[in-house]
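The values are calculated or read from the model by the stated rules, or taken from the named source; none is laboratory data. Fair warning: this is a prediction, and the values are worked out from it, not measured in the lab. Backbone-built Cβ (ideal geometry, glycine too); neighbour counts: all protein chains shown. Only protein heavy atoms, including side chains, enter the accessible area calculation; ligands, DNA and RNA are left aside. Shrake-Rupley method; radii C 1.70, N 1.55, O 1.52, S 1.80 Å.
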Amino acid sequence: MPKCENCGVLWTWAQTVCRLCTLGEGMKCPSCREEQFVTMESRKKTSLFVFAAPLLMFISVAFGINPFASLALFLASFLIILGIYPFVIELTDERGPMW
Ligand SMILES: [Zn+2]
């Protein structure tokens, strides 16, 4: 789970997912209200995940798999990615470059 760099509090899975769903780069720490940012390092790691779901759907469509099955596959992979995402990311209190 990501840890706030400012106050050292570990974010819960739900808190992390909620904050990831909000728009904008910064995520407010639930404990100290300081803006936290996903580190460059973990952004690089997770960029692979972000492309995995649509890629999987594209592959299944390309191989002629039933569209409903590929949609289910897409949703399943999306949920799996969302499920493991908070375990992978790390936080920093410095706003870094986007890439
Ligand atoms: Zn904090």
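Figures for the structure shown
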{"read-out": "Pairs where the first residue, in segment 32-55, is in contact (Cβ under 8 Å) with a residue 40 or more places away in the chain and open to solvent by 70 Å² or more (accessible area, probe 1.4 Å) and the second is part of a helix (DSSP H, G or I) and small (Gly, Ala, Ser), C-beta under 8 Å, 6+ apart", "value": "none"}
{"read-out": "Scope segment 22-31; condition open to solvent by 60 Å² or more (accessible area, probe 1.4 Å) and in contact (Cβ under 8 Å) with a residue 40 or more places away in the chain; matching residues", "value": "25"}
{"read-out": "Residue tally, condition closer than 16 Å to residue 84 by Cβ and within 9 Å of the ligand (Cβ to nearest atom), over segment 10-40", "value": "1"}
{"read-out": "Pairs with Cβ under 6 Å, 6+ apart, first in segment 1-21 and open to solvent by 70 Å² or more (accessible area, probe 1.4 Å), second of a type in the set (S, T, N, Q)", "value": "5/92"}
{"read-out": "Neighbours by Cβ (under 7 Å, 6+ apart or cross-chain): first from segment 69-88, closer than 28 Å to residue 3 by Cα and open to solvent by less than 70 Å² (accessible area, probe 1.4 Å); second of a type in the set (A, V, I, L, M) and in a helix (DSSP H, G or I)", "value": "77/52; 77/53; 77/56; 81/52; 81/53; 82/17; 85/20; 86/17"}
